Structure formats: C-alpha cells, structure tokens
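Taking it in order: structure first as structure tokens, then the write-up.
All of the numbers you see were taken from the coordinates with simple rules; none came from a lab. Note that this is a predicted model, so its numbers are computed, not measured. Counting neighbours? That spans all protein chains shown, and the Cβs are built from the backbone with ideal geometry, glycine included.
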C-alpha cells in the first residue's frame, strides 16, 4: 500500500480548485476505459466550495455528467430538504447546477424512521450499481472525505460502534456526543476505493491533523487514521492553516 500524498495549499480556495481539477482529470481517465465514473461525496463545510467550483462554468461543461454516478459518504438522519442534510447541501451547490440525470444520484434515504433500514437500503443500492462478485465489495473510483477537529471522517466518530464494522458496507451509527443517528459508509467500503482524497482546512484542525498523520496509529480515537485504501491512492489536500503543526508538510502546492 503506497503512503499518503500530502499536498498543502495557501487557502481553501486553492485547495478546492485543485480537488476539482483532480475530479475532472480522474473522471476522464476512468471514462477512457470504463462506461461510468463513480464518486462519493461528503458533507460538512470544507467540501462546499469544491462542489460550487465543480458546478461552475470552469468545470461543469467539461465533465460528462450523464456518465457520472454520485454517492454519499454519510448522511444525518434528517429529511433531504432539512437544513442539516448533507444531500441538500450537495444538491444546492452542485446537482442543481449540472446536467446529471437524477437516476445517477444515489442518496441515502436517511429520513426513514429506522436508521438500520436506511443503511440496508443504501447497501442494496450499492449492490445494484456495482454488482460485485459473491464476497466482493464495490470499488468506488473516487471518495472525498473531510476530517473533523475530533478526527472523525464521514460519520465514523471516535469510540462509535461503526468503527468495528468489518463486513457491512453501510452502517447506522449512533453518535453519543451528538445524541444523533447517522448513516455512514464503513471502512471496508471506503478502503476499497481506487482513490480517496481528504480535504482539510482551518487552524482548529491543525493539532488533530498532526496527530493523525504523524502520531501513533489509534483509529478508535482518531477514525481518520482508519482510512487506508487497500489497493488505491490516498491523498491529503490541506490548507496552510491546517498544516501549521506538521513537521513534514512536503509535496506542497499553491
């Protein structure tokens, strides 16, 4: 497994533009050989600018959206039009601005009364799309992830039950400190992706980022450390503020 590629940027804007360029580049690479390109998108504040850029004139017209299928890395257990819905944010910043067929957008039905049912339905959706061999696992082309100040990623939070999942692709996960249910992709599925890119910005994440990248391996405490693609590429796109405490902030750009 290759080590992570760390790239630092002067600002969130530069980070987001680089991530958008990588999305477009990798999409073209895959579509030269395959019929579709698949990507999982995260919620949160950091990727919002990325989605706005992808939906803007610089990239939207050059990406063959009818051949792109988009998934969610995680979702809060709220209706899709709720202010806290990850899907709503993705729809408003990206989906409503590009010509992607609705059938190509695979959202988590997190508004269902039973989070376990939401997770099972999403696993079935993944199975329908990817049709892996018995015992196999879907291989997403690209996954964008964020990292919280507590080290969580997707909805894999410190000490939460979903961290121990080794079989299911999607898990309902109760987050004690938020007193809320989430639905999240799990380590087995995330680590089967061809490429994973973390987007991390802000000085409030600097110490956690240092611990994740340069500290001991403690994924129960720092779930972002559990993202280690088995056969894929792992990249960290971080802004200067988030990289402020790293000893080895090499591979910088911007």
Mind giving me the FRET efficiency for residue 178 and residue 29? R0 is 41 Å, r the Cβ-Cβ distance, nearest 0.05 is fine.
0.60
Packing rank of 73-86, 193-206, where each peptide gets the mean count of other beta carbons within 10 Å, highest leading:
193-206, 73-86
Cα gyration tensor shape for the stretch 4-72, rounded if a/c is under 1.5, else prolate or oblate
prolate
For the chain, what relative contact order do you get, as a whole percent, if you take Cα pairs closer than 8 Å and at least 6 residues apart?
26 percent
Averaged over all viewing directions, the convex hull of the alpha carbons in the stretch 5-242 casts a projected area in nm² of 12.0 nm²
FRET efficiency for residue 204 and residue 164, using Cβ-Cβ distance with R0 set to 25 Å, rounded to 0.05:
0.35
Take residue 218 and residue 129, extend 7 Å from each Cα along the Cα→Cβ direction, and tell me the distance between the two endpoints in nm.
3.5 nm
Beta carbons within 10 angstrom, averaged per residue: use that to sort the peptides 63-69, 117-123, highest first.
117-123, 63-69
If I take the Cα coordinates of the stretch 81-189 and project them onto the principal axes, what are the three extents in Å, biggest first?
40, 39, 27
Over the chain: helical MRE at 222 nm, DSSP H runs n ≥ 4 each giving -39500 (n - 2.57), nearest 500
-7500 deg cm²/dmol
Which value in nm describes the separation of the simple spin-label points at residue 13 and residue 233, placed 7 Å from the Cα toward the beta carbon?
2.6 nm
Given the stretch 43-116, report the % of alpha carbon pairs whose separation exceeds 15 Å.
55 percent
For a test of the definition: using alpha carbon positions, the gyration tensor, and the 1.5 limit on a/c, classify the stretch 36-78 as rounded, prolate or oblate.
oblate
